[in-house]
1. Taking the condition of being free of Cβ contacts under 8 Å to residues at least 12 places away in the same chain and either within 21 Å of ASN52 (Cα to Cα) or surrounded by 11 or more Cβ atoms within 10 Å (Cβ to Cβ) (or both), how many residues in the stretch 92-129 meet it?
2. Within the stretch 62-81, work out how many residues are more than 17 Å from THR30 (Cα to Cα), open to solvent by less than 40 Å² (accessible area, probe 1.4 Å) and either hydroxyl-bearing (Ser, Thr, Tyr) or in a strand (DSSP E or B) (or both).
3. Consider ILE88 against the criteria (1) under 16 Å from LEU115 (Cα atoms); (2) at pLDDT below 95; (3) surrounded by 15 or more Cβ atoms within 10 Å (Cβ to Cβ); (4) β-branched (Val, Ile, Thr): it satisfies all of them except one. Which criterion is unmet?
4. Of all residues in the stretch 115-140, how many are touching a Lys or Arg at 6+ places or on another chain (Cβ under 7 Å) and at pLDDT 95 or above?
5. Based on this model, can you work out whether THR58 counts as in a loop (DSSP other than H, G, I, E, B) and at pLDDT 90 or above?
Amino acid sequence: FLMIRRPPRSTPKPSSAASDVYKRQSILSTSAAVAGAGNSQGTATALTKTYNVVTSATAGSAEGVKLPDTSTGLEAFILNDTSATIKIYPHSGESIDSGSANAAIDLGAGHSLRLVGVSATKWNRMSPVVIYNSSGTRVN
């Protein structure tokens, strides 16, 4: 009597939070021409890419962009390449840093912002390294 032994069947592994983020952000994508719009969370331009360059916004109108729904580890980068301060809104029901839910933050003209999701409802700003020369002038 000959007995053939088969290897055990593999079982699918449940996805981890890290792999879920990877799936959502598997290819770092760029939107090089985002227009700031609206003056509220509901009317702001929804961001759909990892890297976002805002190239138009009307000064004094509080136009802005809205972050995607966050999850732990998700990242978003925004460069304000306009001459106006823009508003950055979280996704509905979410917050940025220790701000209240749905509250916007300002991003000045010529400045950039990197955010990372720290939970299912909260984005945190990543502080950039700022370099000054001996005269006190910012060089980066």
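The values are calculated or read from the model by the stated rules, or taken from the named source; none is laboratory data. As the structure is a prediction and not an experimental result, all values here were calculated from the model. Cβ atoms come from the backbone with ideal geometry, glycine included; neighbour counts cover every protein chain shown. Keep in mind that these areas ignore ligands, DNA and RNA; they rest on the heavy atoms of the full protein, side chains included. Shrake-Rupley method; radii C 1.70, N 1.55, O 1.52, S 1.80 Å.
1. Applying the first criterion (free of Cβ contacts under 8 Å to residues at least 12 places away in the same chain) to the stretch 92-129 yields 98-100, 127, 129.
Of the ones still in play, those that are also either within 21 Å of ASN52 (Cα to Cα) or surrounded by 11 or more Cβ atoms within 10 Å (Cβ to Cβ) (or both) are 99, 127, 129.
Adding up the residues that qualify gives 3.
2. 3
3. (2)
4. 1
5. Values: in a loop (DSSP other than H, G, I, E, B): yes; at pLDDT 90 or above: no.
No.
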